[in-house]
Structures are given as structure tokens and as C-alpha cells.
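Inspection log for the structure reproduced underneath, given as C-alpha cells.
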Amino acid sequence: MPTTNEQDERMKKFKNKGKDTAAMRRQRMEVNVELRKAKKDEQILKRRNISFSSMGESLSPEQEKKNATAQLSLEEIVQAVNGNNPELHLKATQTARRMLSRQRNPPLNQIIEAGIIPKLVEFLSRNDNVTLQFEAAWALTNIASGTSDQTRAVVEAGAVPAFVALLSSPHMHISEQSVWALGNIAGDGPMYRDSLIHNNVIPPLLALVSPSTPVGFLRNITWTLSNLCRNKNPYPPLEAVRQILPVLIRLLKHEDKDILSDTCWAVSYLTDGSNDRIHVVVETGILPRLVELMGSPELSVVTPALRAIGNVVTGTDEQTQMVIDAGVLAVLPQLLQHPKPTIQKEAAWTLSNIAAGPCHQIQQLITCGLLPPLVELLDKGEFKAQKEAVWAVANFTTGGTVQQVVDLVQYGVLKPLLNLLSARDGKTILVILDTISNLFLAAEKLEETEKLCFLVEELGGLEKIEALQTHDNTMVYRAALGLIEKYFASEENPNLQPESDQERPTFNFSAEKPDFYTF
Amino acid sequence: MGRGAQEGIYTAAFRRWLDSAVMELSDANLQTLTEYLKKTLDPDPSIRRPAEKFLESVEGNQNYPLLLLTLLEKSQDNVIKVCASVTFKNYIKRNWRIIEDEPNKICETDRIAIKGNIVHLMLSSPEQIQKQLSDAISIIGREDFPQKWPDLLTEMVNRFQSGDFHVINGVLRTAHSLFKRYRHEFKSNELWTEIKLVLDAFAQPLTNLFKATIELCSTHANDASALKVLFSSLIQIAKLFYSLNFQDLPEFFEDHMETWMTNFHSLLTLDNKLLQTDDEEEAGLLELLKSQICDNAALYAQKYDEEFQPYLPRFVTAIWNLLVTTGQEVKYDLLVSNAIQFLASVCERPHYKHLFEDQNTLTSICEKVIVPNMEFRAADEEAFEDNSEEYIRRDLEGSDIDTRRRAACDLVRGLCKFFEGPVTGIFSGYVNSMLQEYAKNPSVNWKHKDAAIYLVTSLASKAQTQKHGITQANELVNLTEFFVNHIQPDLKSANVNEFPVLKADGIKYIMIFRNQVPKEQLLVSIPLLINHLQAESIVVHTYAAHALERLFTMRGTNNATLITAAEMVPFVEVLLTNLFKALTFPGSSENEYIMKAIMRSFSLLQEAIIPYIPSLIAQLTQKLLAVSKNPSKPHFNHYMFESICLSIRITCKANPAAVGSFEEALFMVFTEILQNDVQEFIPYVFQVMSLLLEMHKNDIPSSYMALFPHLLQPVLWERTGNIPPLVRLLQAYLEKGANTIASAAADKIPGLLGVFQKLIASKANDHQGFYLLNSIIEHMPPESVDQYRKQIFILLFQRLQNSKTTKFIKSFLVFINLYCVKYGALALQEIFDSIQPKMFGMVLEKIIIPEIQKVSGQVEKKICAVGITKILTECPPMMDTEYTKLWIPLLQALIGLFELPEDDTIPDEEHFIDIEDTPGYQTAFSQLAFAGKKEHDPVGQMVNNPKIHLAQSLHKLSTACPGRVPSMLSTSLNAEALQYLQGYLQAASVTLL
């Protein structure tokens, strides 16, 4: 006899027909291959400090004016930086910086090939010449904003320790430029990110955050912090995450939308992982504010906040419950109806993972009025949002009680669900067929199979399922065939197979005992 | 020709070829191969087959495929070239795939050589051979592309620059066969990596080729043969576009959407006299291309709406113009239905509503797109008269998905989503004017009325099922009024053969709107329908039969039939007469609709048919005899047997003694069917016999006993379709005649058990074996099976040991518990332990306790509950041997059986078996609904409520050994189970001592 505990285990299996909730929850897809254009709503990895942009200009107006007319060729620059004339050092660095800050076709590779990077790095340590320091930092920032190879050129010249040191420069424009450069290096990938962390970048960086830090500077810091949180394989070290999180929570209280956006991106990176990673974030109590920001009027804030929350509900039932307790179900309806299809899609994905939970969480979906917008999205949403909505319905019907499934049907899920059987996407079709099968299991328990058959046929579903029996995908046509044979086969289809013409009077009946049975 | 000589040649050749596993690429070998290929084309199988066999026997040799390729390239004989190419393709199909743990069937050097040459060969061959090689490439590609065939793409793309469109088309066709799987495979990293690779290498060249081809089309606008080649390319390119864009919108195509869509758009509007074909049936290149472009636009509209939005309105206009200007010929059907479906899917989307809402637009769509495509065309008329089966299938059963009428209907429904009022208004005007045209001169203008009826139907029907007809109707259309004014008059006309199409329309109208038309109108229609069973047109009398059948299945209040038997009294005779008469029309002698109507009429009329039974059963047996010569219509046959079963049930319910007269009427035909081994009918015959035998109140008649030995013949049991009805028939024998078998046919018992043994050995049929075994245990006198009991258990233990499945365990549990109920718990324990010491304990511990939760079915669970109760309370070894330690776990399992949900999990490795072999999944078995068996509960009389029974039995046990039961319970039973148990004790009003 199973102990009570084992019984619970089995009851759980029974409810979800052998799929456990972890398997139903769908992590953000590990996309190794992407056919689409890179997403426009992703956060920027690296940024160049472009000349005449208000910020760069305002930082050093007088030098800018003084040297506005100075022009040197690349060879002259090389000569100058390698020479001993401090004035020419500045002039050359400044010219190089200007070239690198051009709006169009900055000559990153030419500058790298000219071999002046080691010199520029050296200039970073020239505490005696603040202007030179600044110009070198700016130039290197822009080189580091390029491709991985270009970033590597900066790192391999030993820029990291120099920049980390400059974070504590008494001159704010220098420490700010260093923050920027380090952000670009961190954005290159997990390797440089971790090497920054090992160079102890975090304490001086966090020290820069204070109530008196100007907003523009704070934006740069936030962005660099977000790059320090970014990327998996491997994740940033847990210790670093623990150091950064309290500051992120402070930044989340800010009013500036860029700061909020980048902070939310940071949180979304930290939650994009296994349950213990999620745990580190949610235990800080950050969730209510994140949920609040999902309702922000700014798309640039909503997008990462929603992502972060979407990531958290891929976690355990308890973590998901914390999200629910933070009030997510009050915000999701408006996001499911958001004018941007990508927001609809992310919202539906989030919903699908909540629907993968235990039935008391599913009940909260019903109570909080999530079903009407879900059905609406299934009916009229953009295709990629509809696909997520299908998953939500599928999970709902897998884990929900019979009554909950009945509720779902009464909200009109069938018609749009069946319509999507003509979608041009095999996987979606298969998920719908599985869902229909779940609906029939519920109907069987209520002895209303016939009624469901009627509805499915009336709504044009039967015809579509029949047509799917000729689908080219084996799994799709098998699923369609299975449904037809189980629920829609008319009286019977005689089909006999003949075989064998052996003439024996009767079978023999005999048994020999084997040595020993063990079962 | 002497056979000996032939064989001599084969043997000699065979030896020469087999001497080494490598065939030289020599002229002699090419010559030999040519000879054999020639022979494979010989119509005489005695020459063809050995040659085919021979070729297969040498195909494992190195160089064999290269010999074939050499032949198809160099042979002088065109027939041999084609034959070599087909043989090569089949060889690739059979052998190319490398299956794990099996030998590689093609040696590596051959593989490399084939891949190195085949593209070039394909492209330089004439079309017939090119097609075969192209197929072969795609088979190879499926296995090797891209990793093991990295050059393929570059090789293909390079050919684009050749400028030779024969070559280019070959490449495009091959690419299509390689890439078309992107349309149906599920997203995976592997698949997307491949697609990405293809896109990187292929998308730009394809786009360049697309642009270049379009330019060439305008420079060669006056050259018909050049245009044909160029348009073939464009079709292939458009297909490739669909495949490459199917999984997701690739970056490249998003960046080049302008190029593609602008050109697609202008191709949609393009026309060129030189490309028009005279053929009315076959779609021409222009149609095929435009049709594919509609598909491409529909793909983008459905999946990439956000990106496609700027282009969509242009496509709507172009496609709509295309529809307005496209003719009625059959060759345009696919294009028109694709184009209409595109509009139908777009007009339902809320953000495109504005494209349609203008009144002029709506009117124009209704007038120029919908109405013309609803017209009854010459081709329809032809089908109505000469190919009525096909016509009915399309019109009645909804296999019309690709037809114009259907597409037009879908567009009406789509438009009604937002514009129901205006659309209904526009069409009402049309319907009226068409009806007026008809009224002016019916015999000339009857097609106008047909269109009017079709329009009303499509406008009014919002939702529909086969069983109920229309279930939701447009409230703006007055269906009853139209019925009374325009449908009934046609059906009331004295001449049932006049305007058959309109009659069929009218009958169909009744059929589909049966839930909207009031009952009194349906009652008025019934005699009209019965009358039309006499119409000569197959469509008309078939529709009449079908309409009646549908009306008879309608439900009224209290779930009773809407049309009652009493209301049918005046029509019984004419209905039955006309139905059977309709079966005598040429072309309708095995009409399944009529036979189904007969079945349904019997079922509705019940005892009202009894006076006619002698004549009915005579006609049915006559029909049975006739069709048994060559059974060809499965549905017809099925309904015929159902009708026979109904006749038996209805008659014998009123007069049980009548069973004898049925046996008299039927057994002769049945005997013939069994003797002639009419395989399609044998399962039905067994079911009817079971029904008849179960009707007998007394002992089994001798006529059945005479048949008994024949039922045990192995040959009958070899066919899976026979097994369920035969098992049921044997169960009926056991129920009615166990004593007779024991006394008069005891020598057949081993044969009967042999059937059990045969069934139990199969994972698919073991449950049937248990059905039989359960009946034997339940009904046979114990002494008649005594000597076999031990062997039975040994067989079961062997299956349990060697190949147990969940299904087997479930059946096994039911059986041993039934045995326990019947023979007693002690007997069960004794027989187990006599086979092997401590066996009883092992079965309890390893099978019963852990698996009992899996038993399904009310009766089955009850049997198990009573059996286990007996083991707990009537089996002394459970109380005083080492088995005692199992007592509490067994009790707990029993309480679990009562209280926990059924465990329907299936181990992973059994999923396959689950699909193929579970009861009820056997399509080979044609179960008759009206031969149905009532559920049988072998413990029914003995135990009513098994929980109370458990309580009472425990009470009895506790009085026999006071103190022991409560102490066991209190020390080891878990709290939850104990609570349940106390509930049972309370309900039974007993306390344990």
C-alpha cells in the first residue's frame, strides 16, 4: 500500500495524465537558429558614442571647439601617438575619436590595424591629463561597440583594469565614459562579462549610484549593469547577481523610463533560467513592482517587465503563485489585448505557463476574468499570439478540473480553437488536436461526449479534422485519425482481412510448466 | 518456350554475377543488365518475375547502381533508358537509407559516385528520365542533405546561371522536392539549421532568377514556346517561395518583400493570349501560377500579417478583379476556389473590415463573385445524371471542399460576420429576380431556381452537422415561408420525374433545414418524400431515402423521436413498399442510403412492422443471398444486417417463440455464407446467431450444437475480424448450453480451451481469451473443467512471466477474482501454491496489491472487490501463515480500489500496444449496434454494494477470531483508509469484535 505521500504523487500524475507540470511549462525557447530578422524590441547590446550627440558634446565643450578645425591623417595619428609630444597625443587621440564617432562608416578596423589601441589604453592611465584620458576612453568605447573581434582588440590591449580603475575617477565625465566602455565589453558575451566581474567591476560601479547621480549618468550605469546580468551559458556568477540585485531594486523605484526599461531588462535576464536562478530574484520581493511596471504606458518598460514576469512563471508552482499574488492577473487582460502583437504574444506565453499549474491556479485564471481575453486573442489575434493562446488552452485542458474545462468551453473557446485547425503550422495543429482530445476526456466524465461531438461538427471542426487525415505530417494525421475513430466514426466501417487457409480440426490445449516463476 | 532452358540461362548468369561482389563496369555486364531490364517489362509473369528477382538479388553488388546510371545515359534504346531510370529510383528508395544496426546496403564509393554524377545526369536527360532522377535526388537528399552532401546547393545554384531553362526547371523541380517538407515538419533546431543554410545559399539566387525570368517573359511575350518554359519556372519558383517561407518569415524575404510581392501582384493581373489553353478541364500554366500566388498571399496574410499589411489591400483588389474576369470553365476551378478562399479568410479579420464595407464593393462581390460561382454548370448536370454517386458525395457529404460553390458559400459566411444585413438584402433581390425568371418559363429557366435555392441555403445556414442539419440560421431569412412557397409546390407536382435537379434541391432543403421548419410542415412533407422514393433519378430517390432517414432520427421532447410511430401509421405500408422498390432501380440495388432508411424505419416503426415481417425478412434474405455472391458495398451490407437484427428483436420481443421462424429463414443463407467462406459476412453471421441464441429461453437447440465443433476450427480464428463475434457466440453457447456441452460434447472442451490458449498468447487478443475463460469458469459445471484448471493457470503465469502488459494484468486480475468468487478463496490459494510454493503470496504482493487500481469498468471492479473480500475474510492461511503480513496491504489496496481514481497510466514502452491493440480499436471487427449484448454482472445477485459486503464479511471474520481484526487495523492501516473503512462499517451497522 502506498504511503500518503506516494498517493499524492500518483494523484498528481492522474490529474495531468502523466505529464508533470515542469514538462508542461515551456521555457523561453532555446533558439540556436533564427530565421527571422533580429527582434526590434530586444535591448541593444553595444552602443557607440556618436559625435555631436548632445551628451558627448556637453561633456567637453571647450576642447571640442578648440580643436574643431584640427585634421590629421591616419598615418599622422599613428606617428603622433607613438611620439613624445603630449600635445600631439591629445590632438591625435581627439582626431581618432572624431573619426570613430562619425555617424556613417566609422573606420573601426583601420584604427585597429593602425595599432594605436595599446597607446590609447596607455593614455587611460594619464591621470595628469584629464582631457587625454577622456578622449582615449571615448575612442576605445566606440571601438568596443563594434563586432566581437573589435571588442576583443580593446580587451586584449588591457583596457579592462584601466577602465575599472577610472570608474573611481574624481571627474564624472571620465567615470561615465568608462561605464559606457565597460558596458560595451560586458555586452559582448558571457566570457568578457565574467572577466569584468573578476576584475571587480561591480563594487565601484554600484558605488556610482547615489541620489545625486544625474539621470543621464544613471542611465549609462543601468545599461551597463543590465549587460552584466545578460547572457547564459554560463550565467553570471550568483555572488555577482546577489550584489547587483539590491541596486536594481532601487533603480526600479526611479521615474525615468530608460532607467526603468534597462533595469527591467536586467531582471528579465536574471530570471531567464532555472528555478534556483529565479528564486534568487523573487526572494528580494521585487515582483509587485515588476507587475506594476507591466501596466506602464511606456512600451519600452512593458516589454522587459512582461518578459521578466513571463520568465518567473516558468518556475515552480510556488514561484508562479508569488507572481499571481503580486497581482499579475489584473494586468494580463489588457496586455492580451495590447495593440502590439509581440506584447500579446508574450502575455499569452505567460498565461500559458500559469495555466500549466495546479488547478487552484487555473481557478484563479477563471476568477480573475482571463478567459474572455484569451478566447478573444485566440479568435482575432495575430498568428504568433494565437499560437501561444493555443498552448494556454492546451495546458488549461490538461491540468484543469472537469468543471474548469467546462467553464472554458462555455466562454466560447471551441470556435476559434477549431478555426485554427486550418493554420499553416503543423505543431499548432497537433497541440489543438491534443486539446480537443482533452476536451473529450472531460466530456466523457460528464457523459456528454455526444454533445461535444455535436459542437465540434457544428462549428466546422469535424470537417477540418477529417481533412487533416491527409496531412503530410505523420503525427498530425495520426492524431486526427485517432479522434475520428474514437469519437466520430459512424456506425461502423466493415473491413475484414482474410488470412491463412490451414485445415486443422481444433487447437491443442496444453501447457508445460517452466522451472520457476518470479513476477 | 522450354522452362528448363530459361532456368539454365539464369543459373549461368547468376553464377557469373555472383562470383564477385563487385560488378565490372564492362560492356558485357551492361549487355546482361540490358537483357534483364528488358525481361522486367515482359507481360508474362513467368518471364518478368524471375528477372525482377534476379535484379534484386544482385543489387547489393558494388557498381550495380553505376551500371544502371551508365545505361540510362548511354543506352541506344529509349525504353531501356527509361526502365533503367525507374529501376535506379526504386533501388535508391529501397537501399539508400542507412538503418541503425543493419548493414549499409550501398557501398561508400558507389554513394560518392552517385552523388557526384546524378545532378549533372538529371539535368542533361530528357524529361521522362529527369523526373525519375529528380525523385532519386530528393530521396538521397532526405538522408544526406545537407551534411553529407554539402555541394548539392552550390551545384544547383550554379546552374541558374546557365540560362538554359530546361536545366533550370530541372533544378527547380529538384529543389522543390527537397524543400517541400518544410511545409509540414515541426520546428526543430536541426530543421531550422538546414533551412537557414538553404536560405543563405539559395534565397538570393532564387530572387535574381525570379526577376530575370519575369524580364524574359516580357522580352519573349510573343514567343509561345519560350513563354511556356518560363512560366513553368515561375510556378516552381512560386512553390519554392511557399516552402521557404512556411516555417517563419525569413529575414531575407522580409527585406525583399517589396520585390516579391510587387512581382506576384503584377503576375496576378497578367494575361497573355499565348498562354491561354483550349482545354476546358485541365488548368493551364497561367492558372496554376496564379493559384500558387493566391496561396502565397494567403500564407503571408495568415502568418505574417504585421509585415504583410501594407501589401494586403492591393492583393485583395487584384484577386477580386481576377475573379470577376475568370470564366466558368472547369480548368479555372482550383484558381477560383483558392482566390475566393483568400477573400473569405481576409474579410473575417476585424482590421480588414474596411476593405469590404462599402455598399458598392459588397454589391459587386455578391453580384460578380458569389452569384456566378453558385450557378449549376454543365459539368454539374453531367455528374447529376451520369455519375450520381460522385454527385451525392460532393453535394451531401461535404466532400466539396475545393469546389467553387463551396468557396462561394464560405465567402458568404465570412461576409455575414460583419455585414449580415446588407448581404442578406442584396441577395434577397437576386433570389426574387431569379425566381421570377424561373416562373416565366420553368422548363428553360429551371437553373435560375436552382441557383436561388442554393443562395438561400448558403445565406441561411450558419452552422451545420450531419446528424442535425442546419443548427444555426440567419434570422433575416424566412425559411418556412420559402419552404411553403417555393419548395413544397415542386414536390407536390404529380410527376416525380420532372425537373429532377429541382426535386433534389427541394428534398435537400427539407433535409438540412429540418430543425428550422416546423413539425407540421415536416409531417406534410413525409408522404411527399415517400412518393419521391419512386423517382427514376438516382439522386432524387436517394435524397428522398436519406431525408426520411434523417427525419426519423430527429429528437423531440423527452429525447423521444420527433416523428412518432403513431404519426407514421397511415404510411407504413407505402413506406416499406417504396423503400424496397427503390432497391430495384438500376444503379440502386446496393444503395446504402436506402438500406439505412430501411433500418431507421424499422427502428422507428417497431411493432408496426410485425405484420409485414414475413415479406420483409424474405426480401432481406433474398438480398443477402444476392449480395453475398460478391459483397462490394460495406455500408449497404452493414445496414442490411442491422435491419435483420432489428426484425428479430422487434418480433421476438412481442413473441419469443418467433425466433424459430427466423432461424428457419436465415440458417440456410448463413450456411451458404459459411460454406462459401464469404469473409466479409462471417462476423455479421456470428453476431446474428449470437442474438438468436440469446433469445432462447430454454436449453440450446440441437441445430446450434451441430455447429459447435465447426466454430472451434483454427481457420476461423486466424482472421482478426472473426475473433470478437466468435468469442461472443461461444459465450452465448456457454451461457445457454454449458451443461449440454459438458454432457454431450465433453470431448470438445480441450478444443474450446485451445481457443483460449490461442487468444491468450496474443497481446492483441488476450482480453478476448479472458472473456471466454470467464464464461467457462462461470457457467461450466466445475467437475467438467477440473482436470484442466492447473494448466489454465500455468498458461496465465507463463504470459505473466514472459510478456505481461497492462491490459493483460487488468484481465488477469478480473479472472482470478472471478475464480475466487466462484470456487472460493481457499481453492484459489491452494491451486496457486500447488503450482509453486508461496505462489499465492507472490501474486498478492507483486500483482494484486500494486496493480488492482488499474482495473477499469464497473462490473470488473465489483468482481475484484468481492474476490478480494473473500481472500481477506474466507481464506484461513491469510490469518495464520506468513501470508498474514499481506492482509493489511491487501485491505488497503481494496479501499484504494473503492476510493481512489482509476490508475490509467500506461508504461512508456506500452504506448504502441495501447494504440494498436486495445479493445474497441479493432476496425476489422464490424460491430452491429442492433445485435448489442446486454451487460452481464456475474456477482449481481450475490452482492449489491461491495463496500457493505466488505464490512459484513469483516464482521463475520471478527466474530470468528475476536480481537484480531481490530488490533491489525489499529496498528497498521493508514489513517485515511481507516476512516473510509469506518464509514463502511457504520453504513452496514456492524462493529468489529
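Details
- Geometric descriptor of chain A, per residue, is 242 Å³ (volume of the convex hull of the Cα atoms).
- With q set to 0.06, 0.09 Å⁻¹, the log10 of I(q)/I(0) for chain B, from the Debye formula over equal scatterers at the Cα positions, is -0.74, -1.25.
- Euclidean distance of C-alpha centroids, region B:288-328 and region A:100-144, integer Å: 54
- Net charge of neighbours whose Cβ lies under 13 Å from the Cβ of A:Ile197, counting Lys and Arg as +1 and Asp and Glu as -1: +1
- Region B:339-398 versus region B:699-751: alpha-carbon centroid distance in Å: 59
- Beyond 27 Å in Cα-Cα separation lie the following of the pairs B:Lys180/B:Lys331; B:Lys74/B:Lys115; B:Lys105/B:Lys148; A:Lys345/B:Lys239: A:Lys345/B:Lys239.
- Label-point gap, in nm, between B:Ile835 and A:Lys37 - each point 7 angstrom along Cα→Cβ: 7.2
- Taking label positions 7 Å along the Cα-Cβ direction at both B:Ser967 and B:Leu274, the computed distance is 10.8 nm, reported to one decimal.
- Model label zone, A:Asn508; criterion: amide N under 19 Å from point 7 Å along Cα-to-beta-carbon; scope region B:728-769: B:747-762
- The Cα-based radius of gyration and maximum Cα-Cα distance (Dmax) for the protein assembly as shown are 40.1, 127 Å.
- For a modelled paramagnetic label at B:Asp402, 7 Å from Cα along Cα-to-Cβ, no residue of region B:370-388 is in reach, as no backbone nitrogen comes under 12 Å.
- Taken per residue, the accessible surface of chain B reaches 41 Å², heavy atoms only and a 1.4 Å probe.
- Relative to the current alpha-carbon distance between B:His220 and B:Asn441, full extension at 0.36 nm per residue lengthens the span by 74.5 nm.
- Nearest-0.05 FRET efficiency for B:Glu357 and A:Glu113, computed from C-beta distance (R0 56 Å): 0.35
- Residues B:Asp937 and B:Thr959, FRET efficiency given R0 of 25 Å [Cβ-Cβ distance, rounded to 0.05]: 0.30
- For region A:244-277, the residues whose backbone nitrogen is under 17 Å from a point 7 Å from the Cα of A:Glu318, taken along Cα to Cβ, are A:274-277.
- Additional length obtainable on full extension of the chain from B:Arg48 to B:Tyr980, 0.36 nm per residue less Cα span: 327.9 nm
- Efficiency of FRET between A:Glu75 and A:Leu45 - r from beta-carbon atoms, R0 41 angstrom, step 0.05: 0.80
- Distance from region B:585-635 to region B:472-551 (C-alpha centre basis), Å: 23
- For region B:923-976, applying the loop criterion from DSSP together with a ceiling of 11 other beta carbons within 10 Å to the trypsin sites (Lys or Arg not before Pro) yields B:Lys934.
- With every protein chain in place and a 1.4 angstrom probe, the accessible-area ranking of B:His541, A:His471, largest first, reads A:His471, B:His541.
- Distance between the modelled labels on B:Glu155 and A:Lys445, one decimal in nanometres: 5.8 nm (7 Å Cα→Cβ projection).
- Loss of accessible area when B meets A, both sides summed, Å² nearest 100, probe 1.4 Å: 7800
- With loop membership from DSSP and a limit of 11 other Cβ atoms within 10 Å, the longest segment of chain A without trypsin sites (Lys or Arg not before Pro) is A:254-519.
- Dividing the summed helix terms, -39500 (n - 2.57) for each DSSP H run of n ≥ 4, by the number of residues in chain B produces a 222 nm estimate of -21500 deg cm²/dmol to the nearest 500.
- GluC sites (Glu not before Pro) restricted to region B:857-895 and DSSP loop, no more than 16 other C-beta within 10 Å: B:Glu874
- For B:Val517, net neighbour charge (Lys/Arg +1, Asp/Glu -1) across residues whose Cβ lies under 14 Å away: +2
The values are calculated or read from the model by the stated rules, or taken from the named source; none is laboratory data. No experiment lies behind these values; they were computed from the predicted model shown. Reconstructed Cβ throughout: ideal geometry from the backbone, glycine too, with neighbour counts over all protein chains shown. For accessibility, only protein heavy atoms count, side chains too; no ligands or nucleic acids. Shrake-Rupley method; radii C 1.70, N 1.55, O 1.52, S 1.80 Å.
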